[in-house]
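Read the figures in this text as sums done on the coordinates, not as results from a lab. Predicted model, so just to flag it, every value in this text is computed and none were measured. Using ideal geometry, Cβ is built from the backbone for each residue, glycine included, and neighbour counts are taken over all protein chains shown.
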Amino acid sequence: MEKGTDTVKRGHAQMLKGGVIMDVVTPEHARIAEDAGACAVMALERVPADIRVHGGVARMSDPGLILEIMETVSIPVMAKCRIGHFVEAQILEAIGVDYIDESEVLTPADEQNHIDKTKFSVPFVCGCRNLGEALRRIAEGAAMIRTKGEAGTGDVVEAVRHARSVIGEIRRVSGMREDELAAFAKEIGAPLSLVAETAQMGRMPVVNFAAGGVATPADAALMMQLGVDGVFVGSGIFKSGNPSQRAKAIVKAVTHYNDPKILAEVSKGLGEAMVGIGVTQLPESERLAGRGW
Amino acid sequence: MKIGVLALQGDFEEHCVCLKNLGIKALEIRLPSQLEDLDGLIIPGGESTTIGKLATDYNLLDPIRALATSAAIWGTCGGLVFLATDVGRNQPTLGLVNMVVERNAFGRQIESFEEDLTITGIPGGPFRGIFIRAPRVKRVGIGVDILCELKDGSIVAVRQGRLIATSFHPELTKDTRVHEYFLNIAAQKVNS
């Protein structure tokens, strides 16, 4: 019996495909998310929109809160640690979370190094803005990738930018001759072996979700049609007028992302979406996506 | 032969790729009308609560139960849970395979594992079993055959007539023997 292999780490993300992972801050939220059909929840003390308001240093959540949420639901529970903070990751592994998000939404603990994720049995998901960043994270042991988007804004524009960048570069590399791959690997700052694997598979070598700014069923379906495998919704659900109904609608929108009639049906009467902040109004210093490299 | 893969949530694409490698173009099934004339249906791994809710909301439960009288059905992991009559908690299932199932029976993700298996009906040596937050079958009812047990006695593969269920994920390996086994069951209808 072998545990913690790449196959079971990456495989867990494969089971999440076509699903919605929702940010929750209480056991009650977690139950609403599970009842709505979330395929996993992200347990944290504050959703990104509140982290923005609160300011200061954002850290790993209280393990006690995460454990309460783990006891409440039967679906997988993820939790966030700071970029480079491998001790927060050790603590999250020790309490048995199902996935760790090494996340730019929290304040980075290391400006040079990300966590060596190969040292852990628990799998990691990491954010990216382009293919090079995604493949660097995979080289460090990430078993799942998500776009960074711009968390806590309710503005999908950055998630679209990052997904288009990643998927566009995958299309580009898939059309290359083998002797062009090394120069491309150098250009994007990624290991040649992973660039070659991506070219051969014609897709990201691990599961690739969208995150950061998804607030409506249409946003979620947009990301799916652009070619991601599933969607994270952070502040978009529990900062809206009717979280349960919106959560159910986004779950359906991700399954039926290619069926505009169903998308119209599920988009009706959802009440107010989260208020949102236009990303263009955000000063550079308040943008989270620039964290990590 | 017409094979569908339930595409509500989970690793349905991986099953489609396995079938493609065997020369079968699988149909992704999201709505009841797409079930028509299927010879076989695969229910992939994924979150059984999510799959159950979406299947209920889009009225797929009864049509799949009806399909079970004429077609072969195979559930992997979450799909095994979805096929069971009893999962020990209140969540929608098809109730087609007479068995009591325990979800997440081996623990959380950190306990997920790989192990070589001997499976009845699958010749040619050990089969690599990938178990991810996997369920196990605690008890089987009348008419259900056990195809595979782990060393600790956990039941991880069963067959009831033309329905099969596995706790593990053949679709995450390059080994297509379980898919071929399933296609053989599905083909029996076409010939009869």
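Some values worked out for this structure:
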{"quantity": "DSSP-defined beta bridges in the protein assembly as shown - what % are antiparallel, rounded to 5", "calculated": "30"}
{"quantity": "Helix-derived mean residue ellipticity, 222 nm - over chain B, DSSP H n ≥ 4, -39500 (n - 2.57), to 500", "calculated": "-7000 deg cm²/dmol"}
{"quantity": "Segment B:73-154: trypsin sites (Lys or Arg not before Pro) in DSSP loop, at most 14 other beta carbons within 10 Å", "calculated": "B:R89, B:K151"}
{"quantity": "Residue range of chain A that is longest and free of trypsin sites (Lys or Arg not before Pro) which are both DSSP loop and sparsely packed (at most 11 other C-beta within 10 Å)", "calculated": "A:1-176"}
{"quantity": "Cα-Cα over 20 Å, subset of A:K148/A:K261; A:K9/A:K119; B:K2/B:K25; A:K239/B:K53; A:K9/A:K248; A:K3/A:K117", "calculated": "A:K148/A:K261; A:K239/B:K53; A:K9/A:K248"}
{"quantity": "In order through segment A:110-118: 3J(HN,Hα) via Karplus (6.51 cos²θ - 1.76 cosθ + 1.60), integer Hz, x for Gly, Pro", "calculated": "9, 8, 9, 10, 7, 5, 6, 7, 5"}
{"quantity": "Signed unit charges on C-beta, dipole axis of chain A, positive-most listed residue A:V125, A:V105, A:V173", "calculated": "A:V173"}
{"quantity": "Shape category assigned to chain B from the gyration tensor of Cα positions, a/c cut at 1.5", "calculated": "rounded"}
{"quantity": "GluC sites (Glu not before Pro) lying in DSSP loop within segment A:220-288, provided at most 16 other Cβ fall within 10 Å", "calculated": "A:E272"}
{"quantity": "Rounded if a/c under 1.5, otherwise prolate or oblate - the protein assembly as shown, Cα gyration tensor axes", "calculated": "prolate"}
{"quantity": "MRE, 222 nm, helices only [DSSP H, n ≥ 4, -39500 (n - 2.57), over chain A, to nearest 500]", "calculated": "-13000 deg cm²/dmol"}
{"quantity": "Student exercise, segment B:136-192 dipole from Lys, Arg, Asp, Glu Cβ charges, in Debye to nearest 20", "calculated": "160"}
{"quantity": "Size of charge dipole - the protein assembly as shown - debye, nearest 20, with Cβ of Lys, Arg +1 and Asp, Glu -1, no other charges", "calculated": "680"}
{"quantity": "Lys/Arg +1, Asp/Glu -1 at C-beta; the protein assembly as shown dipole; positive extreme among A:A79, A:V207, A:P27", "calculated": "A:V207"}
{"quantity": "Global geometry of segment B:13-73, whether rounded, prolate or oblate, following the gyration tensor of its Cα atoms and the 1.5 cut on a/c", "calculated": "oblate"}
{"quantity": "Lys, Arg +1 and Asp, Glu -1 on Cβ, resulting dipole of segment A:169-293 about Cα centre, debye, nearest 20", "calculated": "420"}
{"quantity": "For residues of B:9-16, the mean tally of beta carbons on other chains within 10 Å", "calculated": "5"}
